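S.K.: Sharing a structure, written as structure tokens. Questions coming.
The values are calculated or read from the model by the stated rules, or taken from the named source; none is laboratory data. Quantities reported herein were computed from a predicted structural model and do not represent experimental measurements. Glycine gets a Cβ as well: all are built from the backbone with ideal geometry, and neighbour counts include every protein chain shown. With ligands, DNA and RNA removed, areas are computed over all heavy atoms of the protein, side chains included. Shrake-Rupley method; radii C 1.70, N 1.55, O 1.52, S 1.80 Å.
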Amino acid sequence: MKRCPECRRDYYDETLLYCLDDGTRLLDGPSAAEPGTAASGYLSEEFPTALFTDSSKDSETAQTAVLPSADSNFLGSPNKSGAALHHASPKASLIAGAIGVIVVTALGIGSFLYYGKPWAKPVGSIAVMPFLNESGNAELEYLSDGMTESLIGSLSQIPDLNVKARSSVFRYKGTDRSTSEIGKELAVDAVLIGRIVQRGQELTLYVELVDAATENSLWTHSYNKVATNLVTIQTDIAKDVADKLQLRLTGTEQEKVEKNYSDNAEAYRLYLLGRFHWGKRTNADLYKAIDFYNGAAKLDPNYALAYAGLADAYAILPGYDQSVDSVETQMRSREYSLKALALDDESAEAHTSYAMTLQSLDLDYVRAEISFKRALELDPRNSRAHAFYGTLLMCLGRFPEAESHLLRSIELEPTSTTANRMYSAYLYVVGRLDESEKQARKTLEMDPAWQVGYFNLANVLQLQGRYSEAAESYARSREVHGDLAEAAAMREVFKTGGWRGFVLASEERKWIEGFRIRYVQATRFASIGEKDTALLMLEQAIDEREGFVSLIRVDPRLESLRGDPRFDELVKKAGFRN
């Protein structure tokens, strides 16, 4: 029989090593005798007998040691009744105290080394929290963020470990939420926290794995590297975490976890800077990201991740800077994604970016689907690949499949504004307008200052015929962007000219980025019955390869154009042959 020294629960299964309630190491408990007798496995109520093993032998060799209770010590302090346990000389007390420390330490170390992990519950899910930058230098924020993201990527290669995505964990950055709160909200077994300290050229990374339910520390370690040798640090941590969780990896899986894409420390640093600015998703930051990715690729021409980063940046650039040539930027995205694939054909991100250019630039939906499937074959938990593949399937009219992938994307990254916005668009495409509006508003709650979120909400309101609210949503998009004068002008135009006056004025004044996109403007003109203008804008959008044109066959905002032979020809021109 065994007993938990913390909760006093008894266990009759001799194969159990740890308490199922709190994970504490089990001790020999009372058998036939009563507690407090030598035969019971407890020499007294205050001094439990610990059982630990000699890991150098094949069979377990039970050893016992007297441990102090919480109410006593080895220096003759009173027990619960107030009577002295014993009177010892200072020298004897010191020796006894030292023995106690040694025994406790040996128990912990022996347990850890023999069993490989000091907790009972298996860890099947983990959240890597944004590392704290304790260097005192705000300019190194990219490093703490980049190391976090790289570690998430490495751990995500472990098949039996559910690793929360970047968007799910970065929303906790700068908060003081407890690990138990975070663990409960993210539904994970463990939370990995870390902090980075840099002194001169030396960088120290402190990492701790914490049980999300109990907040007990499961494992701690520190990694010391010079600033010029940071390439392997996240793979070292990922390997150690896998070892401590006793996750059995195949040779191929081990290679993925420990994979280094570049041995050039400066190229790696520039790549992390690129990821840092890419994640900010502003016009200026995207150009900074492109500069850093180019710098990394120049230092290491075989750096596949740098080219994949360039492909990602150019793929989304037209959505943030309407002054760029959409065809040119997408051609660059394709060029860099193919370069990344030539260096590493197993990059799910590169396959995803390549698929996006096949869809929007080449209007080749068959090959685009092949590339999306390949990306998901390589990384089934890639939320971005699921979201964009789901959107392609929606454009093809394969709605049940589309919804499955879009929901999977949200499941993987519940707080991704992009994934949630795409699902809202799917809902209005299939006519579920009330659900679409609810999803659009939920997305805005995640980021109330997200301009694209207000465009998405306006689409739903327009389809519902709620034009005043649609115009207000556009005005809000400018307000949160800081363009108060434009927002006021838009409200005034709608007040005097209604929805028709609003649409006509938007084309004339080129108020906002969303109205500069030909496809988007075509949907507005279709809503006010201006068919000729709408059809002309759609043709321009196809010629310019705007990213929205593959929606043309299923977009309910273009319903008034259907049946017109000119529209049918445009659908064919957009790549749909049947």
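S.K.: What does the accessible area per residue of region 359-516 come to in Å², with a 1.4 Å probe and no ligands, DNA or RNA counted? Don't jump to the answer; show the numbers that get you there.
M.R.: Numbers: 6600 Å² over 158 residues.
Using a 1.4 Å probe on heavy atoms only, each residue of region 359-516 averages 42 Å².
S.K.: Can you give me the solvent accessible area of Asp483 with a 1.4 Å probe, rounded to the nearest 10 Å²?
M.R.: Surface open to solvent at Asp483 totals about 50 Å².
S.K.: Checking the table Lys373/Lys442; Lys442/Lys495; Lys280/Lys531 against a 31 Å threshold on Cα-Cα, which pairs fail? Before the final figure, lay out the partial values.
M.R.: On the way: Lys373/Lys442 29 Å; Lys442/Lys495 28 Å; Lys280/Lys531 38 Å.
In this structure, Lys280/Lys531 exceed 31 Å between Cα atoms.
S.K.: Another question, if that's okay. Which sequence of Asp285, Asp325, Asp555 reflects their accessible areas, 1.4 Å probe, from the largest down?
M.R.: Values: Asp285 25, Asp325 85, Asp555 0 Å².
Result of the area sort, largest leading: Asp325, Asp285, Asp555.
S.K.: Right, another one. Quick check: at a probe of 1.4 Å, how many percent of the accessible area of region 276-347 sits on carbon and sulfur atoms? Don't skip to the end; give the middle numbers.
M.R.: Numbers: 1600 of 3140 Å².
It is 51 percent, rounded to a whole number.
S.K.: Right, something else. With the crude spin-label approximation of a point 7 Å out along Cα→Cβ, what separation in nm comes out for Asp160 versus Val480?
M.R.: 4.3 nm
S.K.: Excluding ligands and nucleic acids, what accessible area in Å² is computed for Val480 using a 1.4 Å probe, to the nearest 10?
M.R.: Roll a 1.4 Å probe over it and Val480 shows about 50 Å².
S.K.: Can you work out the Karplus-derived ³J(HN,Hα) for every residue in region 159-175? Use 6.51 cos²θ - 1.76 cosθ + 1.60 with θ = phi - 60°, whole Hz, and x for glycine or proline.
M.R.: Calculated HN-Hα couplings, in order: x, 8, 10, 8, 10, 5, 6, 4, 5, 6, 9, 6, 6, 8, 4, x, 9 Hz.
S.K.: Carbon and sulfur atoms: what percent of the 1.4 Å accessible area of region 148-202 do they account for? It would help to have the intermediate numbers written out before the result.
M.R.: Numbers: 1090 of 2560 Å².
Whole-percent figure for carbon plus sulfur exposure: 43.
S.K.: Quick check: the distance between the Cα centres of region 375-449 and region 454-483, to the nearest angstrom?
M.R.: 20 Å
S.K.: In whole Hz, what ³J(HN,Hα) sequence does region 283-288 give by Karplus (6.51, -1.76, 1.60; θ = phi - 60°), x for Gly and Pro?
M.R.: 4, 5, 5, 5, 5, 5
S.K.: When every alpha-carbon pair in region 301-424 is counted, what percent end up more than 22 Å apart? Display every interim value, and only then the final one.
M.R.: Values: 2389 of 7626 pairs.
Percent of Cα pairs beyond 22 Å in region 301-424: 31.
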